[in-house]
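*Asks:* My questions will all concern the structure given below.
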Amino acid sequence: MKGARKLRELRPRQGNCPWRAFYRQIGQILVIAAIGPEARVDVQEFQRALAAAEQRLEDLED
């Protein structure tokens, strides 16, 4: 994803859902750090969700 470091996104319903789950694998565990809208639906909220996910994962790894 553009603008995300080490984040992946889950796309429910094979991408036919306006929501995305942003996650990262830490060891053997997949951690969903945020849920946000698809970028084409709401760019500003998408960026906010990415930032929140990155911050939560950073806090978790510390």
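*Asks:* Could you go through the stretch 15-26 and let me know if any residue there is in a helix (DSSP H, G or I) and at negative phi.
*Replies:* No, there is no match, as no residue in the stretch 15-26 is in a helix (DSSP H, G or I) and at negative phi.
*Asks:* Look at F46 and say whether it is surrounded by 12 or more Cβ atoms within 10 Å (Cβ to Cβ) and assigned to a strand (DSSP E or B).
*Replies:* Details: surrounded by 12 or more Cβ atoms within 10 Å (Cβ to Cβ): yes; assigned to a strand (DSSP E or B): no.
No.
*Asks:* Still on this structure, please answer the following. Please state which one of E9, E54, E61, E45 is of a type outside the set (V, I, T) and modelled with pLDDT of 95 or more. So that I can check it myself, show each step before the final result.
*Replies:* Working: E9 fails: modelled with pLDDT of 95 or more; E54 fails: modelled with pLDDT of 95 or more; E61 fails: modelled with pLDDT of 95 or more.
From the options E9, E54, E61, E45, the qualifying one is E45.
*Asks:* So W19 ticks every box in (1) in contact with a helix residue (DSSP H, G or I) (Cβ under 7 Å, 6 or more places away or on another chain); (2) loosely packed, with under 12 Cβ neighbours inside 10 Å; (3) not basic (K, R) but one. Which box is left unticked?
*Replies:* (2)
*Asks:* Here's a check for you: in the stretch 27-43, which residue that is aliphatic (A, V, I, L, M) and in a strand (DSSP E or B) is surrounded by the fewest Cβ atoms within 10 Å (Cβ to Cβ)?
*Replies:* Of the stretch 27-43, the ones aliphatic (A, V, I, L, M) are 29-35, 39, 41, 43.
Keeping just the survivors that are in a strand (DSSP E or B) gives 29-35.
Values: I29: 8, L30: 12, V31: 15, I32: 12, A33: 20, A34: 20, I35: 15.
Among those residues, the one meeting the criterion is I29.
The values are calculated or read from the model by the stated rules, or taken from the named source; none is laboratory data. Since this is a predicted model, take the numbers as computed values, not measurements. Because the Cβ atoms are built from the backbone with ideal geometry, glycine has one as well, and the counts that use them run over all protein chains shown.
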